[in-house]
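Structure, as structure tokens:
Any read-out appearing in this document is the output of simple, stated calculations on the displayed coordinates, not a laboratory observation. Keep in mind it's a predicted model, so treat the numbers as computed, not measured. Cβ sites come from the backbone with ideal geometry, for glycine too, and all protein chains shown count toward neighbours.
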Amino acid sequence: MEKVDIKSMTLPKLEAFCAQQGWKSFRAGQLFQWLHQKQVDSFDQMTNLPAEMRKTLAETCRIPGVSVRRKLVSQIDGTIKYLYELEDGETVESVLMQYQHGYSLCISTQVGCRMGCRFCASTLLGLERCLTPAEMLDEVYRAGKDSGQKISSVVLMGIGEPLDNFENVMDFLEILSAEGGMHLSLRHVSLSTCGLVDGIYRLMEKKLQLTLSISLHAPNDEIRSQTMPVNQKYPMDELLKACREYFRQTGRRISFEYALIEGVNDTPACAQQLCQKLKGMGAHVNLIPVNPVKERDYRRSSRDRVRRFQQILEQNHVNATVRRELGSDINAACGQLRRDDKGGRAC
């Protein structure tokens, strides 16, 4: 019989599980603290639980996690990039970055990605499977333990599309923010999507206090459909309508990611079109010079073109910043370390 993944259970699910076993309700809270506050990886360590209960847990449940397969540390700014190995041998990445407000961890939500964005290394190998809540949580726990730093914010912007793994991501967020665990406020969590409109509406109904970030990367449907296949299902007007409704319902301002690709989406005309699309939304645009991917022929925009693009947005009252680049000497862009690892194992 396959053992139960107890680490992926939210507290209500853990309470229901304990009730099924005939254990007193307070045991669920104790279990939750051991798993998510003390972050143990063995039932033997749960010393305030009865020996018979620990024996039953060990026989019927498991505490899945990740292990560090490879670790790169930037000599420029101290950014740490982790390649994690999962129990089935698959790998995912996370990146730990230091900012003035503390340490921010960018995590993966899937093994690979099926969204097919042309400029992204994460999608080159396709989608293998979705991550469980336990695996996403352990990305956070492992980075904190390994680095010795307190993780003050989490970004779901690594490998994978979070809204394509909706239920697991929601459970992850519930556990991450719960008392008795890390208790990380969702105001310190950002979730990035390439534009799954149905997922945005589902997320809106949750009314979570996280920051929603849209990977837009284009000012019109023609360019976006060329670079992001998701646009063929959810065109820009439909996506932006969902964004406006999300803001109206939640009161949470949306940020837009815009990777600048030389000669594709970085012209003054593109900047003007983008201003018209975002007019009246109170939007924030995060400009990102595209990361080179050897399998693609896209080139990053020059500093002058980036600066000009930003100026046009600001002149049209669209708030825009240029993302600070971290870990440039360790290929900190999502998907590249996993791709190189998979290629190495295939040789």
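If the only charges are +1 at each Lys and Arg Cβ and -1 at each Asp and Glu Cβ, what is the size of the charge dipole of the chain around the Cα centre, to the nearest 20 debye?
Using Cβ point charges on Lys, Arg, Asp and Glu, the chain gives about 740 debye.
GNM on the chain, C-alpha springs below 10 Å: top fluctuator among V40, V264, V306?
V40
For region 4-62, build the convex hull from the C-alpha positions and give me its volume per residue in Å³.
Taking only Cα atoms, region 4-62 has a hull volume of 74 Å³ per residue.
Under 21 Å Cα-Cα from K81, which lysines qualify once same-chain neighbours fewer than 8 residues away are excluded?
K71, K145, K150, K294, K342
How big is region 194-273 on each of its three principal axes, counting only the C-alpha atoms and giving the largest first in Å?
In descending order, the Cα extents are 39, 22, 15 Å.
Once you have the Kirkwood Rh of the chain from its Cα pairs, apply Stokes-Einstein at 4 °C and 1.567 mPa s and quote D in µm²/s. Write down the numbers at each step before the final one.
On the way: Rh = 21.3 Å.
In µm²/s, the coefficient is 61.
Can you tell me, using C-alpha contacts under 8 Å and at least 6 residues apart, the relative contact order of the chain as a whole percent?
Working: 642 pairs, mean separation 54.2, N = 347.
Computed value for the chain: 16 percent relative contact order.
Defining a contact as two alpha carbons under 8 Å apart and six or more residues distant in sequence, what relative contact order in percent does region 4-62 show?
37 percent
What share of the DSSP beta bridges in region 74-346 is antiparallel, in percent to the nearest 5?
On the way: 15 of 40 bridges.
Looking only at bridges with both residues in region 74-346, the antiparallel portion is about 40 percent.
Can you give me the pair-distance distribution of region 45-166, C-alpha pairs, 5 Å bins, whole percents?
2, 10, 19, 19, 17, 14, 9, 5, 3, 1, 0
Which residue, chosen from T211, T321, F166, occupies the Cα position most advanced towards the positive end of the dipole of region 74-346, where the dipole is computed from +1 (Lys, Arg) and -1 (Asp, Glu) charges on Cβ about the Cα centre?
The one lying farthest along the dipole's positive direction is T321.
Under a cut-off of 20 Å between alpha-carbon atoms, report the lysines in cross-link reach of K279, not counting same-chain residues fewer than 8 places apart.
Straight-distance partners of K279: K241.
Relative contact order (percent) for region 37-108, with alpha-carbon contacts under 8 angstrom and 6 or more residues of separation?
It comes to 18 percent, rounded to a whole number.
For the chain, modelled as a Gaussian network with Cα springs under 10 Å, which listed residue fluctuates most, S190, S108, S122?
Top of the fluctuation ranking is S190.
Quick one: what do you get for region 176-219 if you divide its Cα Rg by 2.2 N^0.38 Å?
Rounded to two decimals, the normalised Rg is 1.36.
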